Amino acid sequence: MTVTVAPEEALGGRAFPPGFVFGAATAAYQIEGSVDADGRGPSIWDTFSHTPGRTVRGDTGDVATDHYRRYREDVALMADLGLSAYRFSVAWPRVLPTGAGRVEQRGLDFYRRLVDELLAAGVEPWLTLYHWDLPQGLQDRGGWADRDTAERFADYAAVVVEALGDRVQHWSTLNEPMCSALLGHRSGQHAPGLQDPVAASRAVHHLLLGHGLAAGRLRAAGVGSLGITLNFTPTHPATDAPADREAARLLDGQQNRVFLDAVVRGAYPEDVVADLAAAGAPLPVRGGDLEVIAAPLDWLGVNYYFEQTVRAGTRPPEKGETSFIGGEGVVELDPEGPTTTMGWGISPGAFTRLLQWLGERAPDLPLVVTENGSAWPDEVDGEGHVHDPERVDFLVRHLAAVVDAIDAGVDVRGYFAWSLMDNFEWARGYAQRFGLVHVDYPTQRRTVKDSGHAYAAILRQHRGRG
């Protein structure tokens, strides 16, 4: 891939608005390690990653980037980069080892120390309550396929906000419920590793119900900056043939609209409801549920990585199990042009169009880009510098795409790069690197990559204009 855009030229003289939030993001299981420390209970990702064949090379998050012990060093890196904010998640099993009942104060104390360190460094904490690490004790009782888990999530939210609500202003309930529900329960690519369409449909609804119930507890505690983080994948038909258009509609419904519409409109899309019912996996909605799910929000978190093109047809074996309920006759096409090492295409223009679409669909809800990033093979030179020109190019082009959306009138308030540092990339293990900071896993040495330096330069430029 040829890198053609320098950081100082990326925005073409345009600027982000005053007060725009620049940060980086991580997730607890991907960085913390110390899975047995201070009373932490097991999560579904501990179980999944220790099951042979579930992750690349059998990698686990047992150590990860050792952030649980090195958080002060990591916060110092954030300050050096000039980040104004840091998005992180709390590990539910660190706070409630079995998911409910006894609170583990040592786990809460870790997050108190982390938040205090961030505030002392001038970095605003943005806290996500759930980034996929469900306590195994709750999974043993049915997990997100069971309605009770939504209630237990609200109880957990109340515990965390009581401990941290005086210092954390910005709260997100869930990260990417689509992945938890569909990758975790339909295709089995993620924990808990099920391939059960009925469980997947139930998980969709119960995750969203948990969001709404938790939002109520957070509001009762006085939270004034509340959101949910959804991932969006713009989906297009390969041709105008009716079968291809139908294939694109089905996937768009399940990975984009079903979550967005429930949250911002208080209703599931009628076509998705019909699709799931026809597949024998109806959404288990009870009276009043959708009103709970549509709790008022202050912002919508947007995770964007790539767009996709699909066609109708027989899935080839190498594509694996579909992630979508009733999606057996849909084939995701390989992207044209350059791809990241994850195999994802690169389309900043699709990012701009997505933000514009969201601005139209939820016109009164400010947007925050809560994840955007790319995996590449870093080059470590003889002097220990880490070169990642493709990531620099990706970063500046996607920041420019955000400016394009803002210039078009979309209310975008912030951007969090994924990720602060290399980490455990779920089923891909440590084979994929997304970080602005390189981690040498044997030594846990951190080194800011060229992309981290480029991001810092853009942030300095933004502050200089302010």
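Summarising the amide proton neighbourhood of Val437: residues at separation of 5 or more, or on other chains, whose placed amide H is nearer than 5 Å comprise Met421, Asp422, Lys449. Over what distance in Å are the Cα centres of segment 159-213 and segment 317-359 separated? Segment 159-213 and segment 317-359 have Cα centres spaced 22 Å from each other. Only the Cβ atoms of Lys and Arg (+1) and of Asp and Glu (-1) were treated as charged; on that basis the dipole of the chain about its Cα centre amounts to roughly 760 debye. Sequentially through segment 30-35, phi angles give Karplus couplings (6.51, -1.76, 1.60; θ = phi - 60°) of 6, 10, 5, x, 6, 5 Hz, Gly and Pro residues having no value and appearing as x. A convex hull fitted around the alpha carbon atoms of segment 81-150 yields 86 Å³ per residue.
Annotation: for a label point projected 7 angstrom from Cα along Cα→Cβ of Arg14, residues of segment 447-464 with backbone N closer than 19 Å are 455, 458-464. Distant-in-sequence amide contacts of His236, defined by a placed amide H-H separation under 5 Å and a gap of 5 or more residues or a different chain, comprise Gln308, Thr309, Val310. Computed from label points 7 Å out along Cα-Cβ, the spacing between Thr443 and Ser225 is 3.7 nm.
Among residues other than Glu270 with Cβ under 13 Å from its Cβ, the summed charge is 0 (Lys and Arg +1, Asp and Glu -1). Give me, ordered by chain and number, the residues 5 or more places off Gly414 or on other chains with an amide H under 5 Å from its own placed amide H. Under 5 Å from the amide H of Gly414: Val21, Val369. Separation of segment 267-298 from segment 4-76 is 31 Å, based on Cα centroids.
When each of the peptides 368-379, 263-274, 399-410 is scored by how many other beta carbons lie within 10 Å of its residues on average, the order from highest to lowest is 368-379, 399-410, 263-274. Couplings 3J(HN,Hα) for segment 340-351, derived from phi with the Karplus relation 6.51 cos²θ - 1.76 cosθ + 1.60 (θ = phi - 60°), are 6, 6, 7, x, 8, x, 10, 8, x, x, 5, 5 Hz, where x marks Gly and Pro. Pop the C-beta distance of Thr341 and Thr314 into the FRET formula with R0 = 25 Å and round what comes out to the nearest 0.05. Computed FRET efficiency for Thr341 and Thr314: 0.35. Size check on the chain: the Cα extents along the three principal axes, sorted descending, read 58, 55, 45 Å. Annotation: the residues Met421, Met342, sorted from fewest to most other C-beta atoms within 10 Å of their own C-beta, follow the order Met342, Met421. Considering the zone a paramagnetic label at Asp196 would reach in this model (a point 7 Å from Cα along the Cα-to-Cβ line), which residues of segment 131-172 have amide N under 13 Å from it? Within reach of a label on Asp196, which here means backbone N under 13 Å from a point 7 Å along Cα→Cβ, segment 131-172 contributes 139-147.
Here the 3J(HN,Hα) profile of segment 332-339, calculated from phi with Karplus coefficients 6.51, -1.76 and 1.60 at θ = phi - 60°, is 7, 7, 5, x, 8, x, x, 10 Hz, Gly and Pro shown as x.
Over all pairs of different C-alpha atoms, segment 220-275 has a mean inverse distance whose reciprocal, the Kirkwood radius, equals 12.9 Å.
Rule-based calculations on the coordinates, nothing more; no lab input. Bear in mind that the values here come from a model prediction, so they are computed numbers and not experimental data. Positions of Cβ are backbone-derived with ideal geometry, glycine not excepted, and every protein chain shown enters the neighbour counts.
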